[in-house]
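Engineer: Questions regarding the structure given below will be posed in turn.
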Amino acid sequence: MKRTTFTILGFLLAVVFAAAQVTPMPLVVKDARSIAMGGAFTALSSGYQSLYGNPAGFALGRGMLTLANVSTWGFIRPTTDQIASLQSMTSSSATTSDYLKFANQLITGNGLGAGAAAGLGWTGAGLGLGVTAVTEEYAHGLTLLGTQFQSVTQINVIAGMAITLGPQDFNLKIGGDLRPFMRIDSTFPATDMITALATGGDPGAVINNANARFGLGLAADLGAIFTMGPLSAGLSIRDIAPSFAFGQTTLGDILSSGGSPTYTTSDQGQFLPNIAFGLGYSPRFIPGIIDPSLYFEVQDPIRVLQENDSFWNALHVGGELRLLSFVYLRGGINQGWLTAGLGVNLLILEIDGALFTEELGSHPGDFPRSGVAANIRLHL
């Protein structure tokens, strides 16, 4: 009888503990270079991108200081209906109904949102040090009134190392980093913001009163890159982390407390490790004049299998053609959708742009989300 009682109690405790576990949604930097190539530049990332890609990339190159890196992206699909609605809103006769109609088209179609990332750091010569901040705000629903606005922000401090085993054209690079982070997730109904705007209320109060989760944690990232002449293969495993206190509070409390809010309740956040495996081919065609590269990558296969998604959701294929060492033409397939982009590298300044579509549903075509991305990086 006692054994049965303890078994039941143990089961109930396990259920309660499982209910307290919160899995934060993945927050990925939509780097214009990578997203233009179908998102296929994580496992083989290099330079500044290795701070949020593969830490084995810290061993690539002689070292570079990125003074500032700013990425922005917005989710928009320029259909004829949306263009017509936008034109009607610019007229002097535009009404509140016109604005609501336009917002409804955006939210129920492609969704409405944007994101940004900023950071600085040193990468190369076996060392990776940096600070990054990423945020994304997005809203989507079947109706405007039923929509939830979602805001996700994460700040990371990265410190890592990488080593090279073997000669230049046949070697293995192994790297890792430790990454203290601060995470903020928040949601609030669209009706709250609509009511505030329609009645002359305070939209800032809606944001301050929005429910939020706040947590501080420590994660590790590991990676390896094998190079054999023009061929390369990479493996990265990110978000290797123990659970962390992920307390419920409000955005106003987080902002007013300077990053140390008081929790009303405290749950446990638990990241799922994110795995990426990639292959690359960079033939020495006409060095310095025409330099092509091709990439194939499988990302986050565990999540795809757990959620019974199509294999297309894990597949990323892309290529890059460098002309005269400073102009880049890019294209790819991201989860079954086409992507494209351009880039220019002017000594210490890099500028990249991209058009992309990604899949939020289980299969290509269930819920595609289109957008544009841009990136500016100043480095020495």
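Please treat every number below as a calculation from the coordinates, not as lab data. The model shown is predicted, which means the values in this text are computed figures rather than measured ones. So basically every Cβ, Gly included, is an ideal-geometry build from the backbone, and we count neighbours across all protein chains shown.
Engineer: In percent, what relative contact order does segment 2-379 have, based on Cα pairs under 8 Å that are 6 or more apart in sequence?
Structural biologist: In percent, rounded to a whole number, it is 20.
Engineer: Going by amide H atoms built from the backbone, whose H comes under 5 Å of the H on Ala210, apart from near neighbours?
Structural biologist: Leu251, Gly252
Engineer: Additional query: Among Arg62, Arg322, Arg33, which comes first, then next, by fewest other beta-carbon atoms within 10 Å?
Structural biologist: So the ranking, lowest neighbour count to highest, is Arg62, Arg322, Arg33.
Engineer: How charged is the neighbourhood of Val152? Take every other residue with its Cβ under 9 Å from the Cβ of Val152, and add Lys/Arg as +1 and Asp/Glu as -1.
Structural biologist: -2
Engineer: How much length would be gained if the chain were fully extended between Leu380 and Val70, taking 0.36 nm per residue of separation minus their Cα-Cα distance, in nm to one decimal?
Structural biologist: This chain segment gains 110.0 nm when fully extended.
Engineer: What net charge is computed for the residues neighbouring Ser362, neighbours being all others with C-beta under 9 Å from the C-beta of Ser362, Lys and Arg scored +1, Asp and Glu -1?
Structural biologist: The answer is -4.
Engineer: Something else about it: For segment 257-296, which chymotrypsin sites (Phe, Trp or Tyr not before Pro) pass both filters: DSSP loop (anything but H, G, I, E, B) and at most 13 other C-beta atoms within 10 Å?
Structural biologist: In loop regions of segment 257-296 (DSSP not H, G, I, E or B), the sparsely surrounded chymotrypsin sites (Phe, Trp or Tyr not before Pro) are Phe285.
Engineer: Oh, and also: Just checking my list (i) 19.8, 62; (ii) 22.4, 70; (iii) 22.7, 80 against Rg and Dmax of the Cα atoms in Å computed from this structure; which label fits?
Structural biologist: Identified label for the calculated read-out: (iii).
Engineer: Follow-up. Mean Kyte-Doolittle of at least 0.5 plus a Cα span of 15 Å or more along the axis: flag which DSSP H helices in the chain meet both, please.
Structural biologist: Those that clear 15 Å and a mean of 0.5 are 2-19.
Engineer: Just the number, please: percent antiparallel of the DSSP beta bridges in the chain, rounded to the nearest 5.
Structural biologist: Of the beta bridges lying entirely in the chain, close to 100 percent run antiparallel.
Engineer: Would you calculate, for the chain, the mean residue ellipticity at 222 nm contributed by helices, counting each DSSP H stretch of 4 or more residues as -39,500 (n - 2.57) and dividing by all residues, to the nearest 500?
Structural biologist: -5500 deg cm²/dmol
Engineer: Counting other Cβ atoms within 10 Å, keep those with at most 14, restrict to DSSP loop, and tell me which chymotrypsin sites (Phe, Trp or Tyr not before Pro) in segment 318-379 are left.
Structural biologist: Phe326
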